[in-house]
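This report refers to the structure that appears directly beneath it.
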Amino acid sequence: MTALGQSAGWWRSAAIYQVYIRSFADGNGDGIGDLAGVRARLDYLAELGIDAIWFTPWYPSPMDDGGYDVADFREIDPLFGTLAEAEDLIAAAHAKGIRVIIDIVPNHCSDEHRWFKEALAAEPGSPERQRFWFRPGRGPDGSEPPNNWKSRFGGSAWTRVPDGEWYLHLYSSRQPDFNWDNQDIRADFEDVLRFWFDRGVDGFRIDVADGLVKDPRLPDVDPGDETPFSDQEGLHEIYRSWRKIADSYPGDRVMVGEMWLPDMSRAARYLRRDELHAAFNFDFLVCPWDSERFRDVIERTLAAHDEVGAPAAWVLSNHDVTRHVTRYGREGDTGFAFADRLHGTPVDRELGTRRARAAALLTMALPGGLYVYQGEELGLWEIEDIPDGLRQDPVWTRTNGADPGRDGCRVPLPWSGDAPPFGFGTGGTWLPQPEEWRSSTAEAQAADPASMLRLYRAGLRLRSELPALGPGGLEWLTQGDGVLAFTREPDFTFVLNFSDKPVALPPHREVLMASGPVEGELPTDTAVWLRT
Ligand code: NOJ
Ligand code: CA
């Protein structure tokens, strides 16, 4: 038996912790995080008070894109461990009451995937090539790409092979896009879902969930218009078939989509009752530090999700974006855009940390599920000064250094001790850790009641205990300019002061939680949970 609650619909208000495996904890001293490292830290996660773990890809991979270039969807990369270890880890997590979600990457595979190698070896027009998007080039000698699509990692989305054809890759050239009009692809992914459901996983986080289906005409696009390779009508049918598979398993198996769509009501269409369960709310993630902007995105989110009966999924950070302590501490623009990471903009880290604490209490108080990216509970900031020669993200190389890439939010976690590798493992770390993390280790923070870690632990615990913070809605309260406030039933009020002066608290019986010192008035960039 497992210690999992019986709760049907657990995902509607779950707190889900994202483990970016290679940076979480290293069990064998090679400097790269692995399953043994996670296994050894399950108690830490249980104590944090999360309901589930989402593991980023653990499949065999040349690691051109941190494992999002999958060579085999039914195995574990030897860097991380074995299939038996993964099965044990799932069972061990379940025994502690923690569910397990894994990443599935259906838009593309690695150039080392068997099917892509077969496609390269086969003739133009062959069935092997039809599993991908191979096309002749343009221009008299076919030396220009078939269309003007750009890779999201920089450069053209097309690479030419020796016989003259080109293949499509929306990401790196080592990540060929699958052709989802091909039945082999559909059948294989359905089998992959079953493979992992049979091994006990509670769900999938779907990578590039909006991108599988392409407009088969492959038309040129105008800048900023992603329509032919995003949010195509044919996608819904795929997710309906996946939902049937998920629903055919006992328990409550879920699918969470990664979709960066410009219009939230479009994303919500994938959350209709027979499609996906949830989708990350990136409008919330990119929102600048401003009360009106936050209120607007929260309102729009709840309205769009209510329409389809799906819960919101709040997220502040992940392995693709600048850590939010840094974003919120920036001079000027505190929002986030993929195309402009604003590295090098001066950062007031104390300010960013204060705001990150307030933002944590905000996400924990909103109706819906929430995601915690490993290290945010330690208040880690973006490491912007990784030496160029050590950078690993293909974004860095494909943009010729114009975009620093995502390594700065992927630095291995500091667990304990006074110097790198800070208990990450017994060897080194695949990206260098800053000396300043001495005071950010999990060990140091566990002993400090004022730490970010203690705030997360207390907040997540209370969130799971307070009836008001389960599923349900919220009512806005008007508390004056620059103040975001709402109530939830029964007896709960949330207030966050974005303004530059202290504000009075609404009437209350008790301060349940505060993101910083509160004496009578609520200081700038501080949030409180009140019992009313
Ligand atoms: C989104 C993932 O989160 C990111 O890390 C990856 O590079 C792309 N999808 C491509 O798989
Ligand atoms: Ca290792």
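Would you mention how many residues in the stretch 280-298 are in contact (Cβ under 8 Å) with a residue 60 or more places away in the chain and either open to solvent by 10 Å² or more (accessible area, probe 1.4 Å) or more than 21 Å from I16 (Cα to Cα) (or both)?
Of the residues in the stretch 280-298, 6 are in contact (Cβ under 8 Å) with a residue 60 or more places away in the chain and either open to solvent by 10 Å² or more (accessible area, probe 1.4 Å) or more than 21 Å from I16 (Cα to Cα) (or both).
Looking at R330, is it in the same structural domain as E350 (by TED's automatic domain parsing), closer than 20 Å to R488 by Cα, at pLDDT 95 or above and not polar (S, T, N, Q)?
So R330 does not fit the description; no.
For the stretch 72-105, which positions are under 26 Å from Y239 (Cα atoms), open to solvent by less than 40 Å² (accessible area, probe 1.4 Å) and out of contact with any Leu (no Cβ under 9 Å at 6 or more places or on another chain)?
F73, I90, I101, I102, D103, V105 - these are the residues of the stretch 72-105 that are under 26 Å from Y239 (Cα atoms), open to solvent by less than 40 Å² (accessible area, probe 1.4 Å) and out of contact with any Leu (no Cβ under 9 Å at 6 or more places or on another chain).
Tell me which residues, restricted to the stretch 135-179, are part of a loop (DSSP other than H, G, I, E, B) and small (G, A, S).
Answer for the stretch 135-179, where residues must be part of a loop (DSSP other than H, G, I, E, B) and small (G, A, S): G137, G139, G142, S143, S151, G154, G155, A157, G164, S172, S173.
For the stretch 184-223, which residues satisfy the criterion of being in contact with a strand residue (DSSP E or B) (Cβ under 8 Å, 6 or more places away or on another chain) and either in a strand (DSSP E or B) or free of Cβ contacts under 8 Å to residues at least 12 places away in the same chain (or both)?
Listed by number, the residues that qualify are G203, F204, R205, I206.
Looking only at the stretch 27-71, filter to residues that are away from ligand 2 (no atom under 16 Å from the Cβ) and among the small types (G, A, S); which one of those is least open to solvent (accessible area, probe 1.4 Å)?
Looking at the filtered set, the residue picked out is A52.
Could you tell me which numbered condition G344 fails, if it satisfies all but one of (1) in a loop (DSSP other than H, G, I, E, B); (2) closer than 22 Å to D263 by Cβ; (3) open to solvent by 20 Å² or more (accessible area, probe 1.4 Å)?
(2)
Tell me the residue from A468, A450, A485 that is closer than 24 Å to D43 by Cβ and either without any contact (Cβ under 8 Å) to a residue 40 or more places away in the chain or open to solvent by 30 Å² or more (accessible area, probe 1.4 Å) (or both), please.
Answer to the selection: A450.
Looking at P262, P250, which one is closer than 30 Å to T334 by Cβ, more than 16 Å from the chain's Cα centre (by Cα) and open to solvent by 40 Å² or more (accessible area, probe 1.4 Å)?
None of the others qualify; the one that does is P262.
Here are some residues: M259, M255. Which one is in contact (Cβ under 8 Å) with a residue 40 or more places away in the chain, of a type in the set (A, V, I, L, M) and within 24 Å of R341 (Cα to Cα)?
M259
The values are calculated or read from the model by the stated rules, or taken from the named source; none is laboratory data. Keep in mind that what you see is a predicted model, and the values were worked out from it rather than measured. Every residue, glycine as well, gets a Cβ built from its backbone with ideal geometry; the counts of neighbours run over all protein chains shown. Remember, those area values only see protein heavy atoms, side chains included, never the ligands or the DNA or RNA. Shrake-Rupley method; radii C 1.70, N 1.55, O 1.52, S 1.80 Å.
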